[in-house]
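Taken together, the values in this text are just the output of simple stated rules run on the coordinates, not laboratory data. Given the structure is predicted, the values throughout are model-derived calculations rather than measurements. Every residue, glycine as well, gets a Cβ built from its backbone with ideal geometry; the counts of neighbours run over all protein chains shown.
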Amino acid sequence: MDPLMPPPVRRIALDHEPHIAPPATGPNGAGSGAVAPSEAHRRLTRPDPATVRERMRIESVWLAYGENWVVRDVTLPVRKGEVLALIGASGSGKTTLLRSLNRLTEITAGAARAGRITLEGEEIHELEVNDLRRRVSMVFQQPNPFPMSIYDNVAYALAEQRPPRGRRRRRTAELEQAAQEALRRAGLYDEIAADLDRSALKLSGGQQQRLCIARALAAEPEVLLLDEPCSALDPISTATIEQLIVRLRESVAIVIVTHNLQQAFRVADHVAFMHLGELIEYGPSEQVFDRPSQQRTRDYISGAFG
Amino acid sequence: MEAGGLVPAPARPIVVRPRRQSSASWPLIDRIGYWLCWATGIALCLIALAIVVFMFVKGIAYLRPALFVKSPAPSLQQSQSGGFLDPIVGTLIITAIGTVIAAPAGVALAVWISEYGRPVSLARAVESAIDVIAGVPSVVLAIFGLLVFSESFLGFLSQNAVNGSVYGRSFFAAGIVMAILALPLIVGSTREALAQVPDRVREASYALGKSRASTIRWVLLPSIRPQIASGIALGMGRIIGDTAIITILLGVTLTTEGVGSVPLIGTLRGTGSTLTSYVYNNSPAGEGNAPQKAYAAAFVLLMVVLALNALVTRLTGGRERGGRLSALRRALTSRRPQWTR
């Protein structure tokens, strides 16, 4: 197998199963016996360190809606070649932090920020906002395809100022190639190649979400933000999208917000645990899940709250 | 060999269906209220039916193909007084002028209020202004229009007397005031449709690096096209049916009377009539007193407005029904987005 290619996600989950309920067969008791298989397995999915490069940096960021500070002093790196998962209970500010990375928080009146967020060293506030959002693209919790054909959904994302539909629609070979490429990267092309002109609203939920990912990938972003992308989907669609996420991290930095700890464990290379707006713990995912240094992280992961 | 098969249905299925609710157990006052509501509904159906049947019977009796191709002529004999070609053309002209002005203006206003609306105080003021216009009786609009279009600087829109005074009555004048009449309907249906588009659709577009303007142009407007069309059809119905503005602002000539030598502009600056003013003139209340022609014209008018209403119902996907029009309805509604969740 290609060493860069991670194994299927399903296997990851199965491999990890013994760790969640540690078998009492370890040579030195349950503790070390539990860590070993997990780490062996992690090494398989861990991306080549040579390809990992920092894309964005969140430095001492505070975010507020009106008078209400929802993110407090968070510092995190966002790297290409790995998946960063933000976990935490509802109201911990993780979605707000995610949305601030492409300045979608600005749609909400009264949103304010302190601290620096940089993309390739440039403060994102200095960048033109639509340019930033093309470079830092986002997929939402609810699949939200536009009410147009599948092709037009992707072509709309591709077109700079070009009309994607209507009489002046230009379906050039170039545009078509790029749309196909985006659909292929999202693993959707083979399923819907025959009906690119069908309404995107007729797709299943999982297909719609992959279409949204294809749409987000179409403009070749540097960072892909995923806000609980699987929470509205069934387990099979979820598995497909998780495989896709792991595959995509080679080319794009991925930040995923999830409530699903199993999912965070399956897809993430680094995990940041947030609670009530503060970053409690950040580290490689085995470390956060297996040897959390903070009591609150331990409580959250073991299901004491959240 | 039952493996994989379905559980067989019982031989004698015992089906419990809810019984129709009886009003026998209700308090008397509830029962009276219920029957009153019921009776009102029936009465309304009967009235609507009576109008259509009455106009149908009367109209068909006097409707002749020749009426559609002859201009009205001043004559006491009904056989000599011509048809209603000019009023039909007049209705078309007025509707065209009104729609061409009101549709883009209405959609633009609705988009501004719903999608921008800053500063808030200005948006509120605009909303109130639209409500005021929607509430103004059309005869008041007409008098106001006459005042405005009689100003000398608007003389190019109507006839001018030799002494320089402006007549103020023309297709232009009536059409522009008709646009004001139709505007609130178009604004209303567009705003309602925009409010139904979930915010996540807008966010999805912004998250792709699309500007507000291109989101509106390429995502929002295409997805609410049927509702915009139905608003426009409603506005057209309102324009076609209005009488006060026509009698006051289009002059009282039954035939289309152009001004000057420029063909189209001359007609539009001139006076004429529409189906509504033709019906009014020929009814026993008007000067013409040719009730048979009035009935025939009223029938045509009613059919046009009913057709527009039916179109609105189709566009907004109101009723589920098969029949001959279902193909048209499918064609018209296929673009309508079905928002999930």
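Exposed loop sites are taken as GluC sites (Glu not before Pro) in a DSSP loop (any state but H, G, I, E or B) with at most 15 other beta carbon atoms within 10 Å; the longest stretch of chain B without one runs B:3-150. Between the C-alpha center of region B:122-201 and that of region A:231-305 there is a gap of 59 Å. Couplings for region B:37-53, taken from phi via the Karplus curve 6.51 cos²θ - 1.76 cosθ + 1.60 with θ = phi - 60°, read 4, 4, 5, 4, x, 4, 4, 5, 4, 5, 5, 4, 4, 4, 4, 5, 5 Hz in order; Gly and Pro are left as x. Working from label points 7 Å from Cα in the Cα-to-Cβ sense, the residue B:287 to residue B:37 distance is 5.2 nm. Among A:230, B:37, a tally of other beta-carbon atoms within 10 Å of each Cβ gives an order, fewest to most, of B:37, A:230.
For B:26, B:112, the sequence from fewest to most other C-beta atoms within 10 Å is B:26, B:112.
When each of B:218, B:35 is scored by the number of other beta-carbon atoms lying within 10 Å, the sequence from fewest to most is B:35, B:218. Around the amide H of residue A:148, modelled in the peptide plane, lie the amide H atoms of A:200, A:201, all under 5 Å away and 5 or more residues distant in sequence or on another chain. Remark on region A:256-306: hydrodynamic radius 10.9 angstrom, per the Kirkwood mean of 1/r across alpha carbon pairs. The string of couplings for region A:64-76 from the Karplus curve (6.51, -1.76, 1.60, θ = phi - 60°) is 9, 10, x, 8, 9, 7, 9, 10, 10, 6, 9, 10, 8 Hz, one whole number per residue in order, with x for Gly and Pro. Computed per residue of the protein assembly as shown from DSSP H runs no shorter than four, each worth -39500 (n - 2.57), the mean residue ellipticity at 222 nm is -15500 deg cm²/dmol.
Taking only the C-alpha atoms of region B:76-167, Rg followed by Dmax gives 19.2, 63 Å.
For region A:46-301, taking Cα atoms only, Rg and Dmax work out to 18.3, 61 Å respectively. Here the contact order of region B:148-285, divided by its residue count and restricted to Cα pairs under 8 Å and six or more residues apart, works out to 29 percent.
DSSP assigns beta bridges within region A:46-301; of those with both partners inside it, close to 60 percent run antiparallel. Projected onto planes of every orientation and averaged, the convex hull of the alpha-carbon atoms in region A:191-301 covers 8.2 nm².
Dividing the convex hull volume of the alpha carbon atoms of region B:78-316 by its residue count gives 146 Å³ per residue. Scanning residues 5 or more positions from residue A:271 or on other chains, those with amide H under 5 Å from its amide H are A:85, A:283, A:285, with H placed 1.01 Å from N in the peptide plane. When its C-alpha radius of gyration is set against 2.2 N^0.38 Å (N residues), the protein assembly as shown gives a value of 1.32.
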